[in-house]
Amino acid sequence: MTEQKKVENVIIVGGGPAGYTAALYTARANLEPLVFEGFQWGGQLQNTTEVENYPGYPEGIMGPEMMAQFRAQAERFGTRFVTDDVDRVELSDGGVQKVFLGDEEHRAKTVILAMGAEPKRLGVPGEMELGGRGVSTCGVCDGAFFKDQKVIVVGGGDSAMEDSIFISKFAKSLTIVNRRDEFRASKIMFERARDKENIDLKTPFVPEEFLAGESGKLAKVRLRNAETGEQEELETDGAFVAIGHIPKSEIVQGQVETDEDGYIVTEGGSTRTNLGGVFAVGDVVDHTYRQAVTAAGTGCMGALDAERYLRDADVPVEAHWMPGGEPAEIATGSG
């Protein structure tokens with residue numbers, strides 16, 4: 001048999017603001033965290049241009065640069081990184097947690113799940129190509145960049161209404177584009193958005209293509225009437241796609257408790273899941289705020305929760321094989 005790797009104190013799955021903050025705190029607590037940050041490390045901020053609403057950056061900072069700084073700070077205190085995607089996990093209630101890269105098994109006393117979420121996409125031409133050049137998925141993040149400009153918000157739920165109300169404080173005019181005449185948003189949110197003087201509704205239309213102008217930035221959106229099929233072009237400086245998010249919780253489905261939308265459920269006021277030794281932080285938990293600063297805050301919480309668990313819990317002893325075939329006992333308690 002091959003030599004079994006040591007049982008880690010903590011493995012962190014995910015490399016966005018939540019995962020990196022959890023790594024920073026656990027590293028400073030001398031827990032020597034192992035982070036599987038994924039090939040797309042940095043989370044959604046890796047696809048973001050300028051970030052102006054994170055405290056401590058008065059001049060703003062590019063999203064990828066900020067994530068590189070988060071990562072470097074965690075690494076300074078001894079965090080180890082694996083830039084690979086976890087294939088599967090075997091989670092237990094209070095036992096040793098197992099994380100797999102292919103057939104390569106890694107064991108830990110605690111796991112912090114920080115896989116994040118990704119915005120739902122329309123899947124139309126120009127949507128990805130013009131990301132950061134007029135097309136956005138975060139009104140709170142980018143709305144202020146469109147002061148006195150014309151924008152559209154695509155979507156009919158509460159998220160679209162919230163984005164529209166926020167962006168309308170800056171935009172000259174805002175058009176909510178929805179594929180149906182009816183809106184999924186709650187009545188109060190819909191009425192708040194509808195009653196804004198600079199917000200108009202355009203139904204039943206769906207975006208077919210985002211078109212760049214001579215500057216290379218978004219200039220128009222081609223819309224299709226969902227009932228008649230007729231097309232028209234609408235000039236706009238910005239487009240916000242607000243049709244929801246998908247939590248990246250596939251690898252833990254059926255092991256930790258998730259809600260009907262796939263978000264991991266945690267105990268109120270904590271990052272604890274229904275399994276002892278398993279914690280969840282960031283956008284894989286968060287329906288509501290989905291900001292870098294809130295994700296980082298829960299990353300801190302997850303690290304502190306894991307540290308306290310390691311201090312107080314009695315993780316069972318496991319046997320494993322060492323070279324030569326003799327079993328060796330490994331104590332996996334708090335040490």
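The values are calculated or read from the model by the stated rules, or taken from the named source; none is laboratory data. Worth saying up front: this structure is predicted, and the values here are computed from it rather than measured. With ideal geometry, Cβ positions are generated from the backbone for all residues, glycine too; neighbour counts draw on all protein chains shown.
Assorted remarks:
- Within region 267-279, tally of residues that are in a loop (DSSP other than H, G, I, E, B) and at pLDDT 95 or above: 8
- Against the criterion of being within 21 Å of the chain's Cα centre (by Cα) and either hydroxyl-bearing (Ser, Thr, Tyr) or under 27 Å from GLN255 (Cα atoms) (or both), LEU113 qualifies.
- Taking the criterion of being in a helix (DSSP H, G or I) and crowded, with 20+ Cβ neighbours inside 10 Å, the residues of region 280-297 that qualify are GLY282, ASP283, VAL284, ALA292, ALA295, ALA296.
- Identity of the residue in region 252-269, buried (at least 19 other Cβ atoms within 10 Å of the Cβ) and not polar (S, T, N, Q), that ends up nearest to VAL281 (Cα to Cα): ILE264
- Any chance GLY229 is in a loop (DSSP other than H, G, I, E, B), free of Cβ contacts under 8 Å to residues at least 24 places away in the same chain and not assigned by TED's automatic domain parsing to the domain that holds SER164: no
- Of all residues assigned to region 298-318, none qualifies as being under 13 Å from the mean Cα position of the chain (by Cα), part of a loop (DSSP other than H, G, I, E, B) and of a type outside the set (S, T, N, Q).
- Set side by side, the residues SER164, SER173 differ, and just one is within 22 Å of GLU127 (Cβ to Cβ), surrounded by fewer than 18 Cβ atoms within 10 Å (Cβ to Cβ), among the hydroxyl-bearing types (Ser, Thr, Tyr) and assigned by TED's automatic domain parsing to the domain that holds GLU233, which is SER173.
- Any hit, region 109-120, residues being of a type outside the set (Gly, Ala, Ser), surrounded by fewer than 17 Cβ atoms within 10 Å (Cβ to Cβ) and either at pLDDT 95 or above or under 27 Å from LEU24 (Cα atoms) (or both): yes
- Residue tally, condition more than 16 Å from the chain's Cα centre (by Cα), closer than 29 Å to GLN149 by Cβ and part of a loop (DSSP other than H, G, I, E, B), over region 232-266: 2
- Only one entry of MET62, MET66 meets the criterion of being aliphatic (A, V, I, L, M) and within 16 Å of the chain's Cα centre (by Cα), and that entry is MET66.
- Positions within region 229-246 being surrounded by fewer than 23 Cβ atoms within 10 Å (Cβ to Cβ) and either modelled with pLDDT under 95 or within 30 Å of VAL285 (Cα to Cα) (or both), in sequence order: ILE243, GLY244, HIS245, ILE246
- Close pairs from region 65-93: first among the aromatic types (Phe, Trp, Tyr), partner surrounded by fewer than 19 Cβ atoms within 10 Å (Cβ to Cβ), Cβ under 6 Å, at least 6 apart: PHE77/ARG28
- Inside region 26-54, residues that are under 19 Å from the mean Cα position of the chain (by Cα), assigned to a helix (DSSP H, G or I) and over 13 Å from ALA292 (Cβ atoms) make up a count of 0.
- Selection count where residues are touching a helix residue (DSSP H, G or I) at 6+ places or on another chain (Cβ under 6 Å) and surrounded by fewer than 24 Cβ atoms within 10 Å (Cβ to Cβ), scope region 144-161: 1
- Among the residues of this structure, VAL140 counts as one that is surrounded by fewer than 17 Cβ atoms within 10 Å (Cβ to Cβ) and under 25 Å from ARG290 (Cα atoms).
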